[in-house]
Amino acid sequence: MGGLRVRSVLVTGANRGIGLGLVRHLLGLPNPPEWVFAACRDPKGQRAQELQNLASKHPNLVIVPLEVTEPASIKAAAASVGERLKNSGLNLLINNAGISHYKSFDSNTQEDMAQVYATNTIGPLLLSQAFLPLLKKAAQGSPGSGLSCSKAAIINMSSYAGSIQDIYLWEYGQAISYRCSKAALNMLTKCQSLGYREHGILCAAFHPGWVQTDMGSSAEMKPPVTVDESVGGMLKVISSLSEKDTGTFLDWEGKVLPW
Ligand code: NDP
């Protein structure tokens, strides 16, 4: 396997956790992308310090301000990425930003549901709409008729917690709003795969594993998977995806998961 070769990629929620890991691994590839767009909501803030350090060493890393719950912010991000890319498109959009509330039925509020849904489900929808012209351009500019992530793709960072058939880690937390938002994200991924196939864009949902990040560690148990293991695994799987994989739900090791 030759590894992932993409000209341009955008990762949301790139300042910490899995998003930051993705950026690090992309920059460290034998053939790194010409452009890595690392989107985060506060590029100059303390929580983006590691991203700023990386950007000072890698001229192909561009930090893009992005609040995924604000349509104006999403439009501005798409416009600035388009300007950088000039006449070429965006090959890979990774909708990684997400939040969770570990609440039970009794304590789950209307605000929790709305906020988690806005971030985890509506955000990826609006991002795919705003970046569609750039993804289409990338697909049109790539030779060959099949689908692949080197050509044009949307990867939605979902969670096994969103699987309806195989309820994952229920004993560790009900996380109702989170589970519902990821189940809806899975449906969105399937719809995107059907709607965007004709434009040459592959769409897939991923479960990154139970990973040692702020979110993964918030259930007071040490998660079994490191960020490096998760991200290394996902990039390997992403590099191997083809036509047959669009509209699927996969884990970081490439296993097909039940919806
Ligand atoms: P973290 O909590 O460590 O990081 C979340 C990232 O999302 C941060 O960069 C955060 O930015 C960003 N973010 C949150 N809300 C917004 C917003 N409104 N606009 C822009 N950025 C936002 O999470 P992980 O790295 O663990 O998770 C990444 C993805 O993987 C999520 O979608 C999560 O659901 C999924 N996942 C994670 C698992 C795990 O075990 N860790 C398991 C299954 C799925 P900021 O610093 O500004 O808050």
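Observations on the model:
- Selection of first residues in the range 65-91 that are within 13 Å of PHE131 (Cα to Cα) and of second residues that are at pLDDT below 95 and within 16 Å of the ligand (Cβ to nearest atom), restricted to Cβ pairs under 8 Å at least 6 apart or on distinct chains, gives an empty result.
- All positions within the range 197-228 that are of a type in the set (A, V, I, L, M, F, W, C) and buried (at least 16 other Cβ atoms within 10 Å of the Cβ): ILE201, LEU202, CYS203, ALA204, ALA205, PHE206, TRP210, VAL211, MET215, VAL225, VAL227
- Residues (assigned to a helix (DSSP H, G or I) and within 16 Å of the ligand (Cβ to nearest atom)) located in the range 130-166: ALA130, PHE131, TYR160, ALA161, GLY162
- Any chance ASP112 is open to solvent by less than 20 Å² (accessible area, probe 1.4 Å), in contact (Cβ under 8 Å) with a residue 12 or more places away in the chain and over 19 Å from the mean Cα position of the chain (by Cα): yes
- Of all the residues in the range 46-63, those that are β-branched (Val, Ile, Thr) and either touching a Leu at 6+ places or on another chain (Cβ under 7 Å) or part of a helix (DSSP H, G or I) (or both) number 1.
- All positions within the range 229-259 that are open to solvent by 40 Å² or more (accessible area, probe 1.4 Å) and free of Cβ contacts under 8 Å to residues at least 60 places away in the same chain: GLU229, LYS244, TRP252, GLU253, LYS255, VAL256
- Residue in the range 182-194 that is within 10 Å of the ligand (Cβ to nearest atom) and touching a Gly at 6+ places or on another chain (Cβ under 8 Å) present: yes
- Among residues that are more than 10 Å from the ligand (Cβ to nearest atom), open to solvent by 20 Å² or more (accessible area, probe 1.4 Å) and within 18 Å of the chain's Cα centre (by Cα), ILE99 is not included.
- Each residue in the range 203-234 was checked for being more than 14 Å from the ligand (Cβ to nearest atom) and touching a His at 6+ places or on another chain (Cβ under 7 Å), and 1 of them qualify.
The values are calculated or read from the model by the stated rules, or taken from the named source; none is laboratory data. Owing to the predicted nature of the structure, the values given are computational and were not obtained by experimental measurement. All Cβ positions, even for glycine, are placed from backbone atoms using ideal geometry, and neighbour counts span all protein chains on display. Only protein heavy atoms, including side chains, enter the accessible area calculation; ligands, DNA and RNA are left aside. Shrake-Rupley method; radii C 1.70, N 1.55, O 1.52, S 1.80 Å.
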